[in-house]
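The values are calculated or read from the model by the stated rules, or taken from the named source; none is laboratory data. Being a predicted model, the structure only gives us computed values, none of them experimental. Cβ: placed from backbone, ideal geometry, glycine included. Neighbour counts: every protein chain shown.
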Amino acid sequence: MMNDTFLKACRGEKTDYTPIWMMRQAGRYLPEYQAVRGNVTFLELCKNPDLCVEVTLQPIDLLNMDAAILFSDILIPMEAMGTPLEFHEGRGPIFPKPIRNQADLDRLHVPDPDEETGFVMDTIRLLRKELSVPLIGFAGAPFTLATYLIEGGSSKMFWETKKMMFTAPELFHAMMEKITECTSLYLQAQARAGAQALQIFDSWAGVLAPCDFEEFALPYVKRIIADLNDTGLPIIYFANNGATLLDLSVSSGADVIGLDWRINIGDAIKRVGNKAVQGNIDPFSLLLPEPKLKKRIQGILDGAKDAHGHIFNLGHGINQFTPPAQAKLAVELVHELSGR
Ligand code: CP3
């Protein structure tokens, strides 16, 4: 039997209980993931559909999540555009040849997602045969993807990104156009392959002033969401550290607004209006002892009682050092406390 609680909540329909999944739910905190990952590099894992299926299913089977998220990475389509990508243990992603000028940009192409990232579409098709919960596909938002390409990896200051935005805005916009086209086609291909909802991760949107978010980032998110309209799939837009951008995020056209933990969920819901919300417990609060964790989860459920659909989630990805038993406890508590 298909558990469609998550999809109902996305559409703002009544559900028997609040569905829960966790961002980055397939990953290093699970010994079962580590076992698979022990034999392959991260990129080899991402390009092996059978292994991707295996690790996608782990948190569904072990922790009883109400939705699965495709195992992949937001940077996979960027590599397909023609920028070599490396992952170094403990250092995160590296693009050894960052994109800093027109000549760099000219070397990028917009890939055919079925041809050049076919392993992702194969994973989706395989997963749909296995799953009894809905499958979420995903991509990075263009601004977040651009920061990795321009900086050459992760960043704290975003100096190179903002330097391009403020001193070469035409180049920056040209780059955003290219990334947007790639991302739009990539998500449309995921929809055709069988994804049942799509999440756009804007992990670094929160470093932008609202006026810059509106000028340099939001128009591209809007375009991707508009392009996906014909798929009929619920679209989740998650702008991390995005409390100050909430009204703008709502205008993106997404059906579900992802919330990080820095905002009170009840306050957010008043501003979000007629849309579902997803969130928003501090990922580190999974460390709380049971009575306090229970209280905190109850607080979020109470705050979301007037939501037009609520999907319980963390306010960002689960930390790699989280004890799996605590994640499992959180899932049980959400189910138990929200069951009507
Ligand atoms: O959520 C899931 O379970 C699906 C898989 C998934 C991964 N990355 C697997 C992964 C998803 C949805 C992502 C998204 C992603 N990737 C984001 C957006 C979400 C966020 O956290 O803000 C970003 C910014 C990336 C880029 C990325 N990938 C970074 C910065 C890192 C290194 C930091 C880290 O957490 O290790 C990765 C590596 C990565 N992506 C791992 C996993 C499981 C760890 C790789 C390993 O096994 O060593």
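Residue-level analysis places E32 among those that are over 21 Å from the mean Cα position of the chain (by Cα) and assigned to a helix (DSSP H, G or I). For segment 86-105, the set of residues classified as hydrophobic (A, V, I, L, M, F, W, C) and surrounded by fewer than 20 Cβ atoms within 10 Å (Cβ to Cβ) consists of F87, I94, F95, A103, L105, listed by residue number. Among the residues of segment 22-31, none qualifies, meaning not one is within 18 Å of T123 (Cβ to Cβ) and more than 12 Å from the ligand (Cβ to nearest atom). With respect to being modelled with pLDDT of 95 or more and within 12 Å of the ligand (Cβ to nearest atom), L57 fits the description. Among residues of segment 8-36 that are under 15 Å from V277 (Cα atoms), those with a beta-carbon under 6 Å from a residue that is within 16 Å of the ligand (Cβ to nearest atom) and assigned to a helix (DSSP H, G or I) at least six positions away or on a different chain give the pairs P19/F6; I20/V331. Looking across segment 4-20, just one residue is touching a Pro at 6+ places or on another chain (Cβ under 8 Å), in a loop (DSSP other than H, G, I, E, B) and buried (at least 17 other Cβ atoms within 10 Å of the Cβ), and that is D4. Residues in segment 218-230 that are in a helix (DSSP H, G or I), within 21 Å of Q278 (Cα to Cα) and touching a residue at least 40 places away in the same chain (Cβ under 8 Å): V221, I224. Here is the figure for segment 231-256: residues that are more than 30 Å from D4 (Cβ to Cβ) and part of a loop (DSSP other than H, G, I, E, B) total 1. Do you know which residues across segment 58-72 are buried (at least 19 other Cβ atoms within 10 Å of the Cβ) and not β-branched (V, I, T)? Passing the criteria: Q58, P59, L63, M65, D66, A67, A68, L70, F71, S72. For beta carbons closer than 6 Å, sequence separation of 6+ or different chains, a first residue in segment 259-288 that is outside any strand (DSSP E or B) and a second that is of a type in the set (D, E, K, R), the qualifying pairs are W261/D282; S285/R296.
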